[in-house]
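Coordinate-derived values only; no laboratory data. Model, not experiment: these values are computed from the prediction. Cβ: placed from backbone, ideal geometry, glycine included. Neighbour counts: every protein chain shown.
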Amino acid sequence: MLDMDGPIDATFSVEALPNGEFGIYFGPLGRAQAAANQTPGTGNRTKRLCIHCTVPGFITAETLTQAISSGEVADIQWGDAAGFQASAEIRSAVEECAMATALGYYEALGWDVDPSVAKTESFDLLCKRKGEVLHAEVKGTTGLGREVLLTWREVEHARNFPNVALVVVSRIEVNYGPPPTARGGTTAVFDPWRIEDCLLSPTQYRCAVPLVT
């Protein structure tokens, strides 16, 4: 925060930043720092810059407010957790990429895989092979994938069905388009998936409010 009467306008935008080419920031930031140093103020002679960065497709305060108001807050994604994305289009692209990866994984192992069950059931892939039946839950994320979001139905199904797997596809790369597309990722397969070995944390509660008298 600058110790001064008003803000310094040093706004600049970057449409694309290839890997490692951070030098494009040096000029604008240097000019902003010089302007801050030359601005009269009181207190400490060292002035600080406050940098605001908006990344397309990720959460802004406005997006978060809208998500909370619409009840979609459970679908927002923070760095390590799978399941939160700021736009429905990006979320769909990430999910489709993860599903395609999981489908290919089990087909390569000789399973007959039906992904259509994801529309009606509490799991994503129905896998059959030589009389054996496996239900796979698939989660995709652009983050590290250390945590995934589960609905209570998914948790109950994992607890009660005897042969369940969890496939987490992390570090998925997103091209924001339009339209957004997703590719790649690192696949981790937990098969069998024993949900009792996982640490579950509640992210939402249903609250029945008292009757108004």
Checklist line | Residue-count net charge about residue 158 - beta-carbon cut-off 13 Å; Lys, Arg +1, Asp, Glu -1 | finding: -4
Note to self: If each residue of separation counts as 0.36 nm, what is the full-extension length gain between residue 153 and residue 189 once their alpha-carbon separation is subtracted?
What the structure shows: 10.9 nm
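Going highest first, how would you order 115-126, 201-212 by mean Cβ packing within 10 Å?
Values: 115-126: 15.9, 201-212: 6.2.
Final packing ranking: 115-126, 201-212.
Evaluate the relative contact order of the stretch 79-213 (contact order divided by residue number), counting alpha-carbon pairs under 8 angstrom at least 6 apart; express in whole percent. Mind showing how you got there, number by number?
Details: 238 pairs, mean separation 33.9, N = 135.
Result for the stretch 79-213 is 25 percent.
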Notebook entry, point to check: Ranked highest first by the average count of other Cβ atoms within 10 Å around their residues, in what order do 135-146, 180-191 fall?
Noted result: 135-146, 180-191
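Fewest to most neighbouring Cβ within 10 Å: what's the order for 164, 94?
Numbers: 164 21, 94 26.
Neighbour counts put them in this order, fewest first: 164, 94.
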